[in-house]
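K.L.:
Sharing a structure below in structure tokens format, with a few things to ask.
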Amino acid sequence: MTSGFSDHSLTQAQVRLTIPAEDEVFIFPASFAQQRLWFIDQLVPGNTFYNVPTALRLTGALNLIALEQAFNEIVRRHEALRTRFGIVEGQLVQAIPAQSSANAATGNINLQVVDLRNLPKEEREFQAKRLVTEESQRPFDLATGPLLRLLLLKLDETEHILLLNLHHIICDDWSIGVLIRELSAIYTAFTQKHPSPLAELPLQYADFAHWQREWLQGVEAHESPLQAQLSYWRQQLEGISVLNLQERRAKPAIQNYRGATKFLELPPSLSDALETRSQQAGVTLFMTLLAAFQALLYRYTHQEDIAVGSPIANRNRSEIETLIGFFVNTLVLRTDLSGNPTFQELLSRVRETTLGAYSHQDLPFEKLVEELQPERSLNRHPLFQVVFAFQNAPMEGLELPGLTLSPLTIDFKTTRFDLEFNLWQASDSFRSLWGEKWQHSEGIRGVVVYNTDLFDETTITRMLGHFKTLLEGIVANPQTRIANLPLLSKAERHQLLLEWNDTQADYPKHQCIHQLFEAQVEKTPDAIAVIYEDKQFTYRELNTRSNQLAHYLQELGVGSEALVGICMERSVELIVGLLGILKAGGVYVPLDPSYPQERLRFMIEDAQASVLLTQEKLVRGLTDAIALQNTNIPNPKVVCLDTDWETIARASQDNPISHVTSENLAYIIYTSGSTGTPKGVAVPHKAVNRLVCNTNYIKLDPSDKIAQVSNTSFDA
């Protein structure tokens, strides 16, 4: 864009029509950006993710007539605010009612007033916020309008809440700034019975839309500007990657746009330091923040090809700076982060990418997608999944005579992307209307909008903390390579380095397993210790039986760390066998009766077990396995805990004496052998105590019952 729009462009573009039963309207082609939002509205009917609401609390003497007149004057001045959309001869058009229209649907706006004074005072605030939330999430009808809705809630004589709700198809962030400035000037004049002090607008948004199409078609140029712009973007975006943010939840097949919001604030000291670093590096603050954001994504995704979408005001002509309309364009900023560059090197790459994008910003994003035809998916954006913006739209503070303004935060429940970072300078007074969220009066602030189907609040909170830490590291040493920049907060570093590594715990390191069991017997002798099917033992009964077995095993020569094989089916007697071996001072070697004979033979031979505890019905399998031995190792003594119990029961019922300590072995578990020959893993008493006693492994109290699912060959 070089000079002003031609004076006759509006006349050339408009087609005067008279629609039956309606006022006279003018028909203009829609802009490319408007076409995209219309298409999405048709694809997802009744959506609200392109609503642009702003809520203000007005305290003081409000002149309601002047306020309504001021808004009507703004609507009269800006055709975009009274625009509707429809299809004419297969093309999307803007239908703009003539200025003389007097009804709310096509011309002057009506200010809806809801009086809440009849409610108890304590209920008014709740109902006001409920109404603001409901109205901000109420869909627009692009065909019938209006696309600007005003709601005024009256809480008492000197307190009101004003909600402005617009559809994005007729406005952008810059437009909100224009609206705020004009409202301040016109309302002030009207309260003083003065006419509007603002000059008539020389152009309207429809002129821009018409010019945009002519420019892209190269009407006044020998070579189409479209081709020059497309050539750059084709090269820039070739082979672009999908960003894998490793979301906490699986991405749904179809995007449903559910979102939530978190606030970000950088202290003034860090904000000032970032601005100083930017000046020293010869870049803008936006470039520094963008490079930091892409470095954050690099650390989260481990991808070296990072593309983000970034809105640009697209108002590079003085003639359109004072217009309300959907001018904003989106640039795809793709950066190469390969080679683990220093942040300073990355900043140079970002600067080159950003300047290149700026010099080719006139191509509408919608036209770019149409020409490139990227692979489409219903659950993600075609060219980028995250958005980064640093707002520089001129937002002035809204000052109305006789009124004090304060913010009313709106809880947004929708999002258009996976993740959006929207930052701005706190000195921008209108944006400080989010005031109750901020700690500092100055510095960089932001609103982060995220898709709740992909991220939870904890993840986003942690990400914002990492972003701050990253920025602090960049300020401290921009020559650090991006993979080495600090990311974790002080609390996370403390947790990682100290808390998670603080594994020291007090446990009975000098006692054996069976000694701990014997102590429990003293505490609860009559409590049930073990149950299997219809049989159970108390602690006293289990202790007595295991003592008898231990004395019997000692008579067979089982002593300190003597290996005893135990091959039994699941039963209460199995527990008697394990405790009896430990009490005798031996080491039990589980032999699963379901194992093949060859494996049982190997384990018996490898362990050189001197005694085998089993049951009568399993003896045949064990003796066959023993018979397969081809070594000079003596056959072990076989003891059947069922048929030999009459003999075993003659032994002493007292706790036996052994000389094992917690350093001695308690059992040997053989590996599965999936990678070769099975190997026995030796486990001492103190290792079991350390795992189970006074640790976070498991917390038990006397009322707990444990269902022992795994067999004895599994090391729990």
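The values are calculated or read from the model by the stated rules, or taken from the named source; none is laboratory data. Quick caveat: nothing in here was measured; it's all calculated off a predicted structure. With ideal geometry, Cβ positions are generated from the backbone for all residues, glycine too; neighbour counts draw on all protein chains shown. These accessible areas exclude ligands, DNA and RNA; they are computed on the full protein's heavy atoms, side chains included. Shrake-Rupley method; radii C 1.70, N 1.55, O 1.52, S 1.80 Å.
K.L.:
All but one of (1) at pLDDT below 95; (2) open to solvent by 60 Å² or more (accessible area, probe 1.4 Å); (3) assigned to a loop (DSSP other than H, G, I, E, B) hold for Glu370; state the number of the condition that does not hold.
P.N.:
Result: Glu370 fails condition (3) only.
K.L.:
What are the residues in the range 530-565 that are surrounded by fewer than 19 Cβ atoms within 10 Å (Cβ to Cβ), of a type in the set (Lys, Arg) and modelled with pLDDT of 95 or more, if any?
P.N.:
Across the range 530-565, the qualifying residue is only Arg540.
K.L.:
Of all residues in the range 658-687 being in contact with a helix residue (DSSP H, G or I) (Cβ under 9 Å, 6 or more places away or on another chain) and open to solvent by 50 Å² or more (accessible area, probe 1.4 Å), which is farthest from Phe517 (Cα to Cα)?
P.N.:
Thr677
K.L.:
In this structure, does Leu641 turn out to be surrounded by 14 or more Cβ atoms within 10 Å (Cβ to Cβ), within 20 Å of Ala682 (Cα to Cα) and at pLDDT 85 or above?
P.N.:
no
K.L.:
Let me ask something else. If I go through the range 589-607 residue by residue, how many of them are touching a Pro at 6+ places or on another chain (Cβ under 8 Å) and aliphatic (A, V, I, L, M)?
P.N.:
Qualifying residue count for the region: 2.
K.L.:
Still on this model: What are the pairs, 6+ residues apart or on separate chains, where a residue within the range 363-385 that is closer than 15 Å to Leu333 by Cα and among the basic types (Lys, Arg) has its Cβ under 7 Å from a residue that is modelled with pLDDT of 80 or more and surrounded by fewer than 21 Cβ atoms within 10 Å (Cβ to Cβ)?
P.N.:
none
K.L.:
Take the conditions open to solvent by less than 60 Å² (accessible area, probe 1.4 Å) and in contact with a Leu (Cβ under 8 Å, 6 or more places away or on another chain) and apply them to Ala649. Does it pass?
P.N.:
Answer is no for this residue.
K.L.:
Still on this model: With (1) free of Cβ contacts under 8 Å to residues at least 60 places away in the same chain; (2) closer than 24 Å to Tyr50 by Cβ as the list, and Thr322 as the residue in question, which single condition is left unmet?
P.N.:
Of everything listed in (1) free of Cβ contacts under 8 Å to residues at least 60 places away in the same chain; (2) closer than 24 Å to Tyr50 by Cβ, Thr322 misses just condition (1).
K.L.:
Based on this model, can you work out whether Ser406 counts as touching an Asp or Glu at 6+ places or on another chain (Cβ under 9 Å) and modelled with pLDDT under 90?
P.N.:
yes
K.L.:
Within the group Gly565, Gly580, which residue is among the small types (Gly, Ala, Ser), outside any helix (DSSP H, G or I) and farther than 16 Å from Gln520 by Cβ?
P.N.:
Gly565
K.L.:
Do the conditions hold for Val308, that is, is it in contact with a Leu (Cβ under 8 Å, 6 or more places away or on another chain), touching a residue at least 40 places away in the same chain (Cβ under 8 Å) and of a type in the set (A, V, I, L, M)?
P.N.:
yes
K.L.:
Look at Leu582 and say whether it is modelled with pLDDT of 90 or more, closer than 18 Å to Leu542 by Cα, out of contact with any Cys (no Cβ under 6 Å at 6 or more places or on another chain) and of a type in the set (A, V, I, L, M).
P.N.:
Spelling it out, Leu582 is indeed modelled with pLDDT of 90 or more, closer than 18 Å to Leu542 by Cα, out of contact with any Cys (no Cβ under 6 Å at 6 or more places or on another chain) and of a type in the set (A, V, I, L, M).
K.L.:
Sticking with this structure for a sec: Quick check on the range 339-367: of everything there that is modelled with pLDDT under 95 and not in a helix (DSSP H, G or I), which residue is nearest to Ala476 (Cα to Cα)?
P.N.:
Ser359
Listed here are the residues, each with its yes/no results for (1) in contact (Cβ under 8 Å) with a residue 12 or more places away in the chain; (2) buried (at least 17 other Cβ atoms within 10 Å of the Cβ); (3) over 42 Å from the mean Cα position of the chain (by Cα).
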| site | (1), (2), (3) |
| --- | --- |
| Trp38 | yes, yes, no |
| Ala55 | yes, yes, no |
| Ala66 | yes, yes, yes |
| Gln69 | yes, yes, yes |
| Glu73 | yes, yes, yes |
| His78 | yes, yes, no |
| Arg82 | yes, yes, no |
| Val88 | yes, no, yes |
| Pro97 | yes, yes, yes |
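K.L.:
Could you please give the count of residues in the range 595-618 that are without any contact (Cβ under 8 Å) to a residue 60 or more places away in the chain, assigned to a helix (DSSP H, G or I) and more than 53 Å from the chain's Cα centre (by Cα)?
P.N.:
Final tally of qualifying residues: 8.
K.L.:
Next question, about the same structure. Do we have Leu323 as within 30 Å of Pro486 (Cα to Cα) and either aromatic (Phe, Trp, Tyr) or surrounded by 21 or more Cβ atoms within 10 Å (Cβ to Cβ) (or both) here?
P.N.:
no
K.L.:
Yes or no: Gly402 buried (at least 20 other Cβ atoms within 10 Å of the Cβ), more than 30 Å from Gly465 (Cβ to Cβ) and touching a Ser or Thr at 6+ places or on another chain (Cβ under 8 Å)?
P.N.:
Considered against the rule, which asks whether it is buried (at least 20 other Cβ atoms within 10 Å of the Cβ), more than 30 Å from Gly465 (Cβ to Cβ) and touching a Ser or Thr at 6+ places or on another chain (Cβ under 8 Å), Gly402 comes out as no.
K.L.:
Which members of the range 276-286 meet the condition of being closer than 14 Å to Pro478 by Cα and in contact with a Ser or Thr (Cβ under 8 Å, 6 or more places away or on another chain)?
P.N.:
Listed by number, the residues that qualify are Arg277, Ser278, Ala281.
K.L.:
Can you confirm whether the range 520-527 contains a residue that is surrounded by fewer than 19 Cβ atoms within 10 Å (Cβ to Cβ), under 25 Å from Lys679 (Cβ atoms) and out of contact with any strand residue (DSSP E or B) (no Cβ under 9 Å at 6 or more places or on another chain)?
P.N.:
No, there is no match, as no residue in the range 520-527 is surrounded by fewer than 19 Cβ atoms within 10 Å (Cβ to Cβ), under 25 Å from Lys679 (Cβ atoms) and out of contact with any strand residue (DSSP E or B) (no Cβ under 9 Å at 6 or more places or on another chain).
K.L.:
Please work out if Glu24 is closer than 25 Å to Leu198 by Cα and at pLDDT 65 or above.
P.N.:
Spelling it out, it is not the case that Glu24 is closer than 25 Å to Leu198 by Cα and at pLDDT 65 or above.
K.L.:
In the range 680-704, what residues are modelled with pLDDT under 80 and among the charged types (D, E, K, R)?
P.N.:
Answer for the range 680-704, where residues must be modelled with pLDDT under 80 and among the charged types (D, E, K, R): Arg690, Lys699, Asp701, Asp704.
K.L.:
Condition first: part of a loop (DSSP other than H, G, I, E, B) and either touching a residue at least 12 places away in the same chain (Cβ under 8 Å) or among the hydrophobic types (A, V, I, L, M, F, W, C) (or both). Now tell me which residues in the range 523-540 satisfy that.
P.N.:
Once the filter is applied, which keeps residues that are part of a loop (DSSP other than H, G, I, E, B) and either touching a residue at least 12 places away in the same chain (Cβ under 8 Å) or among the hydrophobic types (A, V, I, L, M, F, W, C) (or both), the range 523-540 yields Thr524, Pro525, Asp526, Ala527.
K.L.:
How many residues does the range 255-272 contain that are part of a helix (DSSP H, G or I) and either open to solvent by less than 30 Å² (accessible area, probe 1.4 Å) or not small (Gly, Ala, Ser) (or both)?
P.N.:
Here the count works out to 4.
K.L.:
Quick one: which residue in Leu203, Leu226, Leu179 is within 30 Å of Ala307 (Cβ to Cβ), surrounded by 15 or more Cβ atoms within 10 Å (Cβ to Cβ) and either touching a helix residue (DSSP H, G or I) at 6+ places or on another chain (Cβ under 7 Å) or at pLDDT below 90 (or both)?
P.N.:
Leu226
K.L.:
Within the range 134-145, track down each residue that is open to solvent by 40 Å² or more (accessible area, probe 1.4 Å) and out of contact with any Pro (no Cβ under 9 Å at 6 or more places or on another chain).
P.N.:
Selection gives Glu134, Arg138, Asp141, Ala143, Thr144.
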